[in-house]
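This report concerns only the one structure given below.
The values are calculated or read from the model by the stated rules, or taken from the named source; none is laboratory data. All figures in this text were calculated on a predicted structure; none of them were measured in a lab. To get the accessible areas, we keep the full protein, side chains included, count just its heavy atoms, and leave off ligands, DNA and RNA. Shrake-Rupley method; radii C 1.70, N 1.55, O 1.52, S 1.80 Å.
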Amino acid sequence: MADVRTHRHQVQVHPLRQHEGGIKVLYPQSGPSSTQVLAVVAGVPVGGTLLTLAGLTLAGSVIGLMLAFPLFLIFSPVIVPAAFVIGLAMTGFMASGAIGLTGLSSMSWVLNHIRRVRERVPEELEEAKQRLADMAEYVGQRTKDAGQTIEDKAHDVRESKTYDVRDRDTKGHTASGGDRDTKTTREVRVATT
């Protein structure tokens, strides 16, 4: 008979780790580096000192406000308009400064623009003069050509001007109903003067 062996499979069951918290999550398994240790050592005293100073400043502000509140209440008819006037005056000074700076920067831009234009003007002026001279020469030549063409056409017209002269029958219409074949055309040459 055949040898039948049954193989058993082994299953390993690992318990799930519910929570790995604390420092192990923040730092690698090997431990914190020296830079991280120095940051904690230096950061805790500095942060604590700054937090203490912030608390003392807040406490001092609250105590000062509690002591000054009755004075603010008594002098409020004077303090509120004075604060309003001081606020308006400060706003006016700041607006004046901003407008003055804007004016100065605008003037600086204009002066720089004028300087750049003065550097380019001689070249552009010479170029404009040349273009104007070329245009004047072109217009003069075209005018001269147009005048010559008109003069030539007028001369041709004087040379060969013809008129259709139609003589009408001075006797009127004939009795046969007005013969229109009695018109004659004559070519008359006009003598040139």
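The rows are residues; the columns are (1) modelled with pLDDT under 80; (2) open to solvent by 100 Å² or more (accessible area, probe 1.4 Å).
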position: Ser96; (1), (2): no, no
position: Leu101; (1), (2): no, yes
position: Ser105; (1), (2): no, no
position: Arg142; (1), (2): no, yes
position: Ala154; (1), (2): no, no
position: Arg186; (1), (2): yes, yes
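Within region 80-94, which residues are open to solvent by 50 Å² or more (accessible area, probe 1.4 Å) and either outside any helix (DSSP H, G or I) or of a type in the set (A, V, I, L, M) (or both)?
Going through region 80-94, the residues open to solvent by 50 Å² or more (accessible area, probe 1.4 Å) turn out to be 80-81, 83-86, 88, 90-91, 93-94.
Passing the criteria: Val80, Ala83, Val85, Ile86, Leu88, Met90, Met94.
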